[in-house]
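Engineer: The structure's right below; bear with me while I get my questions together.
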Amino acid sequence: MNAKEALEQYAKDKDLREANLSEADLRGTDLRGANLSGANLSWANLSGADLRGADLSEANLRGTDLSGTDLREADLSGADLRRTDLSGANLKNANMPFLCDEKTNWKGTH
């Protein structure tokens, strides 16, 4: 089992609140329904990840690559999205009162 598979299994069974995953390569990871509230995912690569229904409230997503991610019904309340790449992400029904800036890339989101 590689690190990505281990994280996917852990996310299904356990709580990832306040986990430090800064700069982690999590491309394409299945994190559906994971509790990542308060987690540090700054500068991580989550491109193409499945985060449907995930709790990312108060998470540090600063500089994170979320391009092409599925964030349907995810909770992003209070998340820090400054300098985050959300290009091509699916944000349908996501809870999104968050902190972003002019460097946040929204191109192609839906």
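Engineer: Sort out which residues of the stretch 51-85 are within 15 Å of residue 16 (Cα to Cα) and surrounded by fewer than 19 Cβ atoms within 10 Å (Cβ to Cβ), and write them in order of number.
Structural biologist: 53, 58
Engineer: Could you grab the pairs with beta carbons closer than 9 Å, sequence gap of 6+ or different chains, first residue in the stretch 33-50 and over 16 Å from residue 81 (Cα atoms), second one part of a loop (DSSP other than H, G, I, E, B) and among the acidic types (Asp, Glu)?
Structural biologist: Pairs found: 34/15; 35/15.
Engineer: Regarding the stretch 43-50, can at least one residue be identified that is surrounded by fewer than 18 Cβ atoms within 10 Å (Cβ to Cβ), modelled with pLDDT of 95 or more and not charged (D, E, K, R)?
Structural biologist: Scanning the stretch 43-50, I find at least one residue that is surrounded by fewer than 18 Cβ atoms within 10 Å (Cβ to Cβ), modelled with pLDDT of 95 or more and not charged (D, E, K, R), so the answer is yes.
Engineer: Can you spot a residue in the stretch 57-76 that is outside any loop (DSSP other than H, G, I, E, B), modelled with pLDDT under 95 and at negative phi?
Structural biologist: No, there is no match, as no residue in the stretch 57-76 is outside any loop (DSSP other than H, G, I, E, B), modelled with pLDDT under 95 and at negative phi.
Engineer: Also, I was wondering about something else. When you go through 17, 27 one by one, which is the residue that is modelled with pLDDT under 90, surrounded by 15 or more Cβ atoms within 10 Å (Cβ to Cβ) and in contact with a strand residue (DSSP E or B) (Cβ under 9 Å, 6 or more places away or on another chain)?
Structural biologist: Just a single option satisfies the conditions, and that option is 17.
The values are calculated or read from the model by the stated rules, or taken from the named source; none is laboratory data. Owing to the predicted nature of the structure, the values given are computational and were not obtained by experimental measurement. We place every Cβ from the backbone using ideal geometry, glycine too, and count neighbours over all the protein chains shown.
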